[in-house]
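Any read-out appearing in this document is the output of simple, stated calculations on the displayed coordinates, not a laboratory observation. It should be emphasised that the depicted structure is a prediction, and the values quoted were computed from it without experimental measurement. Neighbour counts are summed over all protein chains in view; Cβ atoms, including those assigned to glycine, are modelled from backbone coordinates with ideal geometry.
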Amino acid sequence: MPELPEVESARAVIERSGLHRTIVDVDDTDAWECRPHGPGEIRDALVGHRLVAANRRGKSIWCELGGDAPSLGIHLGMSGRILVAGPDGEDEGGDYQGSRRQRRRPRKPEWYRFSLTFEGGGMLRLLDVRRLGRVRLDPDIGALGPDAAEITRAGFRERVGRGTAPVKARLLDQSTVAGVGNLLADEVLWQARLDPRRPSGDLTSEELDELRRRLRSAVRTAIRQGGVHTLEIVGHRGRDGHCPRCGAEMARATVGGRTTWFCPREQV
């Protein structure tokens, strides 16, 4: 599932290859992906305009078009990917690498749920196998907390270090801090040696500061390496997994409604 690093890579693809190109056509016929807009509504708003900036907070992307034109919001859902092609049809900039299985999977035409066609040829497309992404005009991001890659130390302490909810559940709450998904949460809690079930309000200021440092570092590493699946603990999450540091058998729990793996010896 795309988390902050994958979404940032998708945003960067748009910024690198999709800006300042006049839009001459839009395929917004997938009424589910483009809800609540009806077919043609997004097309009418975008044709003749250019994307001038690509922004992100957490897992949400929105592109500015300038002037009075609405912004274009894109959410990748659980399997979405952004591809931008030049006039020759070859992908420009690529997209995030994904898992080996994702890279080998053939692309069916019906999996392209939304597209922009640019003047002179070339397209920006949303590839979404599971059809759980979302495209909308002027998306409301007001309910999202600060971005996980940018949240300040004071903001992190205030938002994460409070209440009785388990710390992992707090990290996964997008209104608390935006962008952390299940794999990233398990990774940073393992790096910080924190039990994911600990009440958030019980963490010390020092523990919260270390958790934030680990989160920012893991995000940078995942962006550089191609996604959260490349992080250290991910390959050890499973019935036969062992902690890479101490060798203890990984423990399984359900926290915040999500399957959670942690080291019962070191994460306290």
| Taking a ≥ b ≥ c as the square roots of the eigenvalues of the Cα gyration tensor of the stretch 105-208, is the shape rounded (a/c under 1.5), prolate (a/b larger than b/c) or oblate? | prolate
| message | With bins 10 Å wide starting at 0, give me the P(r) of the stretch 4-137 over every alpha carbon pair, in whole percents. | response | 13, 48, 35, 4, 0
| message | For the stretch 153-262, report the % of Cα-Cα distances exceeding 16 Å. | response | 55 percent
| field | Charge tally in the Cβ shell below 14 Å around Gly179, where Lys, Arg are +1 and Asp, Glu are -1, Gly179 excluded | value | +2
| said: Placing unit charges on C-beta atoms (Lys and Arg positive, Asp and Glu negative, everything else neutral), compute the dipole magnitude of the chain about its Cα centre in debye, rounded to 20. | reply: 1080 debye
| remark: Dividing the surface of the Cα convex hull of the chain by four yields a projected area in nm² of 14.5 nm²
| Most mobile of Asp240, Asp27, Asp138 per a Gaussian network model of the chain (Cα springs, under 10 Å)? | Asp240
| note | Summing -39500 (n - 2.57) over every DSSP H run of at least 4 residues in the chain and dividing by its residue count gives a helix-only mean residue ellipticity at 222 nm, to the nearest 500 deg cm²/dmol, of -7500 deg cm²/dmol
